[in-house]
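Note sheet for the following structure.
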Amino acid sequence: MKIEYLVNCLKDIVMSADIPIPACQPEDGIRFMSPPPNMPAPGTVFAGTLSEWRMLCENRLVHAQCTYLVCTNGESSLPDPPDMRECNILILNASVKTTLHKLTGLVMRRSVFPDAGQSALYTDFWHSIMDGALEDRGQVMQSLRQFPYPMHPHVACIAITSDSQGLDPLQIQEIQSSLRSFFPETNLFRYNREWIVLYSQEKDTSVELDISYPEFSRLLERHSLCAGISYACQLPERYRTMYLTASASIKLGKTLKLEPYVKRIYSYCQYNPYYLIRLAAQKFKEIHNTDNLVYLAHPDVIRLYYYDLENKNNLLDVLEAYLTNAQNLTLTAQALYMHRNTVTNKLNKIEEVLGHKPFDQRNHFLILLSCMIVKYLRSRKEITEFFPL
């Protein structure tokens with residue numbers, strides 16, 4: 001670490017600084033002045049009280065190429081420097097405890113972001129992307145060329161959030177290290193309590209990236225994290241859209257209680273229909289002055305919803321699973337953890353309640369979409385608030 005950086009970080013408590021040595025190594029640990037070591041390594045940082053510093057000077061135990069933090073704790077009588085110009089001496093108006101606390105935070109931040117300039121580069125870039133200030137492709141490409149790692153043609157945004165409301169510096173450091181190990185030579189950074197991974201690859205992909213999803217899932221589980229993954233695209237000026245869809249996938253999955261295909265990995269390809277419904281809901285409310293989305297759903301689906309509500313049944317869930325699994329009885333039974341015969345009986349009951357089969361190919365998509373609309377509505381409020389019984 002450059003000594004000027006250390007002085008600047010402690011500037012609110014620095015009374016004087018004699019710094020002929022350009023660098024120090026607080027990352028290797030902070031040593032106390034007492035007891036003094038026989039031969040400390042160059043760059044070692046010592047912290048101690050004014051009396052301990054005087055003891056070192058009197059016994060000629062001040063070592064060259066080291067940095068000494070003399071904590072006066074408000075004392076006005078400053079010590080005379082030793083007769084040598086080969087060590088750094090910072091006189092601090094603070095206690096040893098306060099100084100060590102500040103240094104711990106500093107070292108942890110340096111461990112998480114070893115290159116402050118690199119961190120600022122990422123932050124400034126992402127700020128501009130999210131604020132819409134960087135939308136010209138040429139400008140975006142120019143910014144990307146300054147990144148530490150090259151960006152390949154096909155890029156997906158991965159937004160990673162923690163289950164915890166707050167993480168301490170040690171947890172942040174551990175997570176950052178794990179992510180960097182899993183995503184080597186990848187541009188990733190922490191922004192507004194999230195990690196943003198701009199994962200790029202040479203090969204085009206419609207759904208899955210060239211990563212091990214099971215291994216990524218285990219990493220997320222180990223650190224109590226969740227990840228949203230956007231589609232991959234070749235338009236860098238659309239990184240904001242990619243982030244919004246990745247982030248929304250996590251929120252939609254949790255709100256709808258719709259578990260991701262791979263634990264803790266909320267891929268946009270799974271939640272895309274619900275994101276479209278959310279956008280439609282926003283526009284619907286703007287045009288119709290109501291958020292009563294039942295008018296967008298097929299009447300058969302609403303009828304089944306109320307039948308389930310009155311009879312404590314789950315016909316609508318069965319119908320949605322049946323259509324999602326391409327009307328395959330075996331897959332539907334597996335998805336619902338039911339016996340095939342139970343599914344068959346439920347499907348017969350649906351036909352009985354409606355008076356016809358809602359399964360023909362002409363309305364397959366509409367019925368399935370309507371099931372999703374009802375699920376989306378139920379995640380926000382009970383539908384009976386829209387259609388009273």
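Rule-based calculations on the coordinates, nothing more; no lab input. Just so you know, these numbers come straight off a predicted model, no measurement behind them. Please note: Cβ atoms are built from the backbone with ideal geometry, for glycine as well, and neighbour counts cover all protein chains shown.
Against the longest principal axis of the chain, how steep is helix 213-222, in degrees 0 to 90 to the nearest 10, with axes from Cα atoms?
60 degrees
Taking every pair of distinct Cα atoms and averaging 1/r, then inverting, what Kirkwood hydrodynamic radius in Å comes out for region 221-349? Mind dumping the intermediate values first?
Numbers: mean 1/r = 0.0584 Å⁻¹.
After inverting the mean inverse Cα-Cα distance, the result is 17.1 Å.
Where does region 169-241 land on Rg(C-alpha)/(2.2 N^0.38 Å)? Mind dumping the intermediate values first?
On the way: Rg = 12.8 Å, N = 73, 2.2 N^0.38 = 11.2 Å.
Taking N as the residue count of region 169-241, the ratio is 1.14.
Short version: what are the Cα gyration tensor semi-axes of region 307-355, square root of 5 times each eigenvalue, largest first, in whole Å?
The equivalent ellipsoid of region 307-355 has semi-axes of 18, 11, 10 Å.
Using 0.36 nm per residue, how much length does the chain from His356 to Thr324 gain when fully extended, once their Cα-Cα distance is taken away?
Going from the current span to full extension adds 9.6 nm.
Would you list Thr332, Thr161, Thr342 from fewest to most Cβ contacts within 10 Å?
Listed from fewest to most nearby Cβ atoms, that is Thr342, Thr161, Thr332.
Count the DSSP beta bridges whose two residues both fall in region 111-268, then state the antiparallel fraction as a percent rounded to the nearest 5.
Restricted to region 111-268, the bridges split so that about 85 percent are antiparallel.
Please work out the FRET efficiency for the pair Ala120 and Gln334, using the Cβ-Cβ distance as r and a Förster radius of 56 Å; give the result to the nearest 0.05.
It comes out at approximately 0.65.
Got a sec? How would Cys66, Cys157 order by Cβ neighbour count within 10 Å, fewest to most?
Ranked by crowding around the Cβ, least crowded first: Cys66, Cys157.
Work from the charge dipole of region 116-274 (Cβ charges, +1 for Lys and Arg, -1 for Asp and Glu, about the Cα centre) and give the residue of Thr186, Tyr122, Tyr213 farthest towards its positive end.
Farthest towards the positive end: Tyr213.
Could you pull out the pairs from Lys312/Lys375; Lys285/Lys375; Lys203/Lys263 whose alpha carbons sit more than 22 Å apart here?
Lys203/Lys263
Under unit Cβ charges (Lys, Arg +1; Asp, Glu -1), what dipole magnitude, rounded to 20 debye, does the chain have relative to its Cα centre?
About 920 debye.
How much length is gained on full extension from His364 to Val7, taking 0.36 nm per residue of separation minus their Cα-Cα distance?
Value of the extension gain: 121.7 nm.
Across 5 Å bins from the origin, how do the percents of Cα pairs in region 293-385 run, short distances first?
3, 14, 26, 26, 20, 9, 2, 0
Of the beta bridges DSSP finds with both residues in the chain, what % are antiparallel, to the nearest 5?
So the antiparallel bridges amount to about 60 percent of the total.
Take the Cβ-Cβ distance between Gln201 and Ser177 as r, set R0 to 25 Å, and report the resulting FRET efficiency rounded to the nearest 0.05.
0.65
How large is the charge dipole for region 179-268, taken about the Cα centre, if only the Cβ atoms of Lys, Arg (+1) and Asp, Glu (-1) carry charge, to the nearest 20 debye? Don't skip to the end; give the middle numbers.
Values: 13 positive and 10 negative charges, 108 e Å.
Result for region 179-268 is approximately 520 debye, rounded to the nearest 20.
For the chain, max minus min Cα coordinate along each principal axis, in Å, sorted largest first?
100, 47, 42
For each of Met151, Met372, Met242, count neighbouring Cβ atoms within 10 Å of the residue's Cβ, then give the residues from fewest to most.
Met151, Met372, Met242
With just the Cα atoms of region 116-274, tell me how far they stretch along each of the three principal axes, in Å, largest first.
Sorted from largest, the Cα extents of region 116-274 read 40, 38, 28 Å.
Roughly how tilted is helix 299-311, in degrees to the nearest 10 and between 0 and 90, from the longest Cα axis of the chain?
For helix 299-311, the angle is close to 80 degrees.
Contact order normalised by length for region 116-274, with contacts defined as Cα pairs under 8 Å and 6 or more residues apart; what percent is it? Before the final figure, lay out each step's value.
Numbers: 224 pairs, mean separation 44.5, N = 159.
Reported as a whole number, the value is 28 percent.
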